[in-house]
Every structure is written in structure tokens, then in C-alpha cells.
Amino acid sequence: MPAFILSRLLQAIPVLLVVALISFAMFAYVGDPVAIMLGQDFTEAQRQALVASLGLDQPFFVQFFKFVVNAAQGEFGLSYRLSRPVAELIAERAPATLELAFVAAAIAMLVGVPMGVYTGLYRNSWLSRFFLTFSLIGVSLPTFLIGILLILVFSVLLGWLPSYGRGEVVQLGWWSTGLLTADGWRALILPAITLGLFQLTLIMRLVRAEMLEVLRTDYIKFARARGLPDRSVHFGHALKNTLVPVITIAGLQLGSIIAFAIVTETVFQWPGMGLLFIQSVGSADIPVMAAYLMLTALIFVVINLVVDILYYIVDPRLRAGRGGH
Amino acid sequence: MANALSRALDSDLWYSFSRSPVTVVSAVVALVCIMGAVLAPWIAPHNPFDLASLNLMDAFNPPAWTEEGNASFLLGTDDQGRDVLSAIMYGARVSLIVGLSAVVFSTVVGVGLGLLAGYLGGTVDAVLMRVADIQLTFPSILVALLIDGIVRAALPPEAHEAIALYVVVFAIGVSNWPQFARTVRGSTLVERNKEYVLAARVIGLSKLRIMLTHVLPNVLGPVLVIATLNLGFAILAEATLSFLGVGVPPTQPSLGTLIRIGNDFLFSGEWWITLFPGIALVALVLSVNLLGDWLRDALNPRLR
């Protein structure tokens, strides 16, 4: 088991280094920081002194190494657009994105799994057909259109829910949370549904397909023959065995939740990292882009690692297949 | 000619097509969308880019069937007095051009690299597939967004404006090549050990020649299906990028751009400016996706 985790970790390092190289190349070859810092009047000696003090005269790999060391400490310099430390900007925006992503994932799981179980058990009922049609719409509608439609119905026409921002937030140290106020929850509902809908339909279809598969197996027939109540057969035997692929997919989908948070945050003007990133792309703010790139790469690598480990824990066959410990 | 037609009508593909009402409906919807886009300069009721014909007095006309509607603007007008229906037709043109070019781009790159990896094997294979693995770790929309952002940062704004359309095609195309490469690599691995390839090697043909004239035709079947399914994705990716304001330039609005522009007027009650381009986008993507699904099932002998 430790050897397995170690090999996964060793595979993750090149990925992070490649992403770091891309980020560093953006710094090194896009735009000229010296020209920006010097302004109009300068002598050649001043320019050389600045180049030396910034370490720009050093070999490529020395500069790259320094960049990686700084990045590992969360040091990405100043945002070109906002003239503030990038680490500070991201720390300020991260709680908004993480809360949104967490609630969206929770909605997707808590609604998607029961809907999948229902449609798997009663595949011909009218409610199942409705759920399936609904899921087709969820898959085909782009995220931003879902958001716009929800705003149109619930904010503009009905006026029930706010259409932008986080509402009232409470500061817990450096973490600002909208989960402690009713206003914060009201502001969270529409963005979280928008972000979670695609994952919800995906999980529902997956659970349904797995349930249909499992319900045909012999051990389910045997459990029924033993006279176990439906409840125990459906949830204790069937659902439990569908959860392995569901955990995997749901885990991997966390990554796309973070990616699509960019879109959702733009629609709802949600003050998270995605909105910060898209504003940086629009104004070529390289330090912020580089930091966001590194941070998402890190999150993705960690998610993949956790999913791999979970898989290993949940599925005994994988352990036996590797020749024991 | 008549012979070819009767043969086409007699084929398995046509049979499974005509037996599936959903597929027939999607084909009709896709055809209407594509014809409307292709023929826009001739059949659109107005030219939304002809500044001389725009009249600010026509701005914010609601759709024709509502009380204040104007019969000459069927789906209403936007803030500049542009006809929404015509803007949609011209916008669908941009969406389709970008989507198709991106799919062609990722097909060419993916099939080429997949062939190389599968046929040459060894280090080439290991490196290419590792890169594909790394890229597949990230959602493709994020990859496209990053490529677009890097190019935007690297070029001065004027230079970027001129090539923005190509940048979007490149970004979406690159974000999607691994799927093609993996499939083609898989089938190439199977084909390279078959006797006709061995025969070609025995008579001394070059590796390149064998790959292009012998292996390539035999691995293209699944590529067609992936390409169709990818067209829907590429159109959506373009719309998403344009909605985020980093896609096609505002001088050539696509459906995504129209939705973004219309989004600003949602709160003042002008819902038609954003809703109709949205419906057009969904109709186009949904019908293309359903056609792709059908094609996948129809060409898969195991499902017959």
C-alpha cells in the first residue's frame, strides 16, 4: 500500500513541474517586467542593476528553480491589474469558490443518488421517464444558459432570490463564510444549483445504470430468495455495490466543478477565484493567471491521488492484482 | 445517380435512421439550423452588420407576436436596433465555422499523433500518451481557457483582435486532441500486426507510407463518430468562451457573444435578446449530439 501511494506521488510530481514550467514561461517570455518597472527615463546602468537585482541575468534553470521555490511558498508577486499580492487576492477569493463548489457537489450527490436509485428500481414509472428527460436537458444545456434561465425565472420574473453576489458574509478569521446567514444561503441557492445540475444528472444516470446492472446479479436474486425485505435488498445489497464507480466519477467530477465554477461565477458575479481568473485572462494579468494555474493543478493532482487511494481501499481486487504487499 | 440513391435508401444506415423518430427530428432541426446559418446573407430578413440600415428608433422591439411587437422583426431587436433573428443566423455561422474548424483541427492532430504513437511504439508512444494523460486530467474547457489566456497575454491587443478567431479554434482544437489520439492509437496497435501491414513492410514501403496509405484508412471508422460527438462539444466550448468574453471578437458575434450581450438586458425585462440565441444554441447542439449518438449506435455492430 505505501509503495502504491509512493508511485502515485512520484507520477504527480512531473505533472506539477510541467504546469510550473508553463506558468514560469508565461512570466519569462510574456511582457517585460523591467520595462514596466523602469518607466520612461533610465540609464543603461540602472537597467542592468534592476535586471541583476531581479535575478533576470541568471541561467534559465536557476530562475525556474527560484520560481518553483517561491511558488511552493505561495509567493507569486503582485497582480499587474490590482497591484496587490497575488497570494492575498486568492486567499480572499478562495472561500467563496470552495463553499460554492462544496454545496454544488453536495446537492449533486444528495439529489442525484436517490433519483438514480428510484429510476433504477422503477424504470417504467412516469416519474422515472420524467427524471430521464430532465437529465437529458441537464446534459445538453450549457452551464451559463442554465444560470441565465434560473435568474430569469427566480430573480427577474418571481423576484424570490438574488441574482448576484454572495449576500451577507461573516468573517471567521481570514475565512469569509456565507453559510451562517439566511441572506448568504439565499444568494447561494441559484449558483449552487447551476453548478451542480450537470453533475447531478451525471450521477443519476450512473447510479441508474449501475443499479440496473447489479439488480440482475445472482446475489440479489439470492437475497430476495432468502426473504429479505426490499429495503435491505435495495439499499444494503444493491446500492452498496454501485458506489465504487460513483465515488470515482464524483471525485473526478469535483475537478470539473472547479473548472465550471469559472462560468457560474461569471453569470452570478460570484466573488470567487473563477471570476478573478477570468478577469485576469481578459486583462492579461499574468501573476494571477500563473497562480491560479498552479493552484488548480495542485487541486486536480490531489483529487486524482485521493480517488486512486479510495479505489484501492474500496476494491479488494486491485490489491490482490498487484501481487500482495 | 438514381442507382446510387436507391442503394443509399436500401442500406442498413438508412433503415436504422428512418426507424428512429428522435433521430429524424434531430436531423431536421440540425438541417434547419445549418441552412439558416449557411444561407444567412441571402435569406436573413436584415443585415445586422450593415450600420446604414440600423436605426436606434428600432431598439428594444419585443418579438412580433407580443403587443408592442413590430411585424418586420420576428424575434424582436436588441439595444442597437439589430434584428435578433438575423443576428442569430449570422451568429450561428460563426459558431459553426469555429466549431467545425476546431473539430477538424483536433481530428488532424489527434489522428496524426495517435498513428505515430501506435505505429512507432516505444519512447514516442510513451511520451505522447503521457502528455495525453496529463491533459485529460484537466477539463478541456479549462485547457481552452488557459491557451486563450496565454495567447492573449503574449500578443498586443491589436494583433490579438486580428487573429482572435484562429486562437479560439486552436484553443478548442488543442483541448480535445487526446480523445482522437487514444482511439486511433488503440486501433493502430491492432492493425500494425495484421498481415497486410507485414506485407507492406516486406515489400519495403517506408513507415510514413504504410501509416498513411495502409493503416490510416482502416482506423478512421470510430474517428467519424468521435468527430460528430465532438462537434457539439466544440460549439458549446466556443459559446462558453465567448460568453466569458474571451472567445471570438465582438465584431464577429457568435451565439455565445449574443447571449452575453443579451444577458445585460435581462434585468430590465428584455428577455428576448438573450433567450432566442440560447434556444438556437441548444437546438443546434442537442440535435448534433443526438445525431452523433445515433451514428455511434448504428455503426456499432455489437448493438445490432
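Quick notes on this structure:
- The ranking of B:W14, B:W294, B:W42 from fewest to most other beta carbons within 10 Å of each one's beta carbon is B:W42, B:W14, B:W294.
- Segment A:64-137 and segment B:205-265 have Cα centres spaced 25 Å apart.
- Ordering A:R93, A:R186 by the number of other Cβ atoms within 10 Å of each residue's own Cβ, fewest first, gives A:R186, A:R93.
- Farthest toward positive dipole pole in segment B:151-304 [+1 Lys/Arg, -1 Asp/Glu at C-beta], among B:L155, B:I172, B:P222: B:P222
- Local electrostatic count at B:L284 - Lys and Arg +1, Asp and Glu -1, tallied over other residues with Cβ under 14 Å: 0
- Normalised contact order of chain B, rounded percent, pairs of Cα under 8 Å and 6 or more residues apart: 22 percent
- Axial C-alpha extent at least 27 Å, average Kyte-Doolittle at least 0.5 - helices from chain A (DSSP): A:2-29, A:86-121, A:182-215, A:240-268, A:286-314
- Extending 7 Å from Cα along the Cβ direction at A:K66 and again at B:V25 yields two label points whose distance is 6.4 nm.
- Two-site FRET efficiency, A:L157 against B:W42, from Cβ-Cβ distance with R₀ of 35 Å, rounded to 0.05: 0.40
- Charged-residue dipole, Cβ positions (Lys, Arg, Asp, Glu), the protein assembly as shown about Cα centre, Debye nearest 20: 2920 debye
- Anisotropy class of chain A from Cα gyration tensor, a/c 1.5 cut: oblate
- Net length available on complete extension from A:L243 to A:R224 is 4.8 nm, with 0.36 nm assigned per residue and the Cα-Cα distance removed.
- Pairwise centroid distance, computed over Cα atoms, of segment B:126-153 with segment A:230-302, Å: 16 Å
- Between the listed residues B:T188, B:G278, B:G262, the Cα displaced farthest toward the positive end of the dipole of chain B, a dipole computed from Cβ unit charges relative to the Cα centre, is found at B:T188.
- Neighbourhood net charge (13 Å Cβ-Cβ; Lys/Arg +1, Asp/Glu -1) for A:E92: +2
- Between A:I299 and A:F235, the modelled label-to-label distance comes to 3.3 nm, taking each label 7 Å out from Cα in the direction of the beta carbon.
- Total formal charge among the other residues, if their Cβ is under 13 angstrom from that of B:V124, Lys/Arg +1 and Asp/Glu -1: +2
- Relative contact order [Cα under 8 Å, 6+ residues apart], chain A, whole percent: 26 percent
- Shown is the FRET efficiency for B:L120 and A:I22, computed with R0 = 30 Å from the Cβ-Cβ distance and rounded to the nearest 0.05: 0.70.
- Across segment A:160-167, coupling constants 3J(HN,Hα) worked out from phi with the 6.51/-1.76/1.60 Karplus curve, θ = phi - 60°, read 7, 10, x, 10, 8, x, 9, x Hz, and Gly and Pro carry x.
- With contributions of -39500 (n - 2.57) from each DSSP H run of at least four residues, the per-residue ellipticity at 222 nm computed over chain A stands at -24500 deg cm²/dmol.
- Taking each residue as 0.36 nm, the span from A:S283 to A:F4 lengthens on full extension beyond its C-alpha to C-alpha distance by 96.1 nm.
- Pairwise FRET efficiency - B:D12 versus B:T213, Cβ, R0 = 25 Å, nearest 0.05: 0.35
- Estimated inter-spin distance, A:D41 and A:S53, nm [label 7 Å along Cα→Cβ]: 1.8 nm
- Summary value for segment B:236-282: 29 percent relative contact order, contacts being C-alpha pairs under 8 angstrom separated by 6+ residues.
- Highest average packing first - B:254-261, B:227-234, Cβ atoms within 10 Å: B:254-261, B:227-234
- Shape call, the protein assembly as shown: gyration tensor on alpha carbons, a/c limit 1.5: rounded
Values quoted throughout were computed directly from the atomic coordinates according to the rules given, and no laboratory measurement underlies them. Everything quoted here is computed from the prediction, not taken from an experiment. Cβ atoms come from the backbone with ideal geometry, glycine included; neighbour counts cover every protein chain shown.
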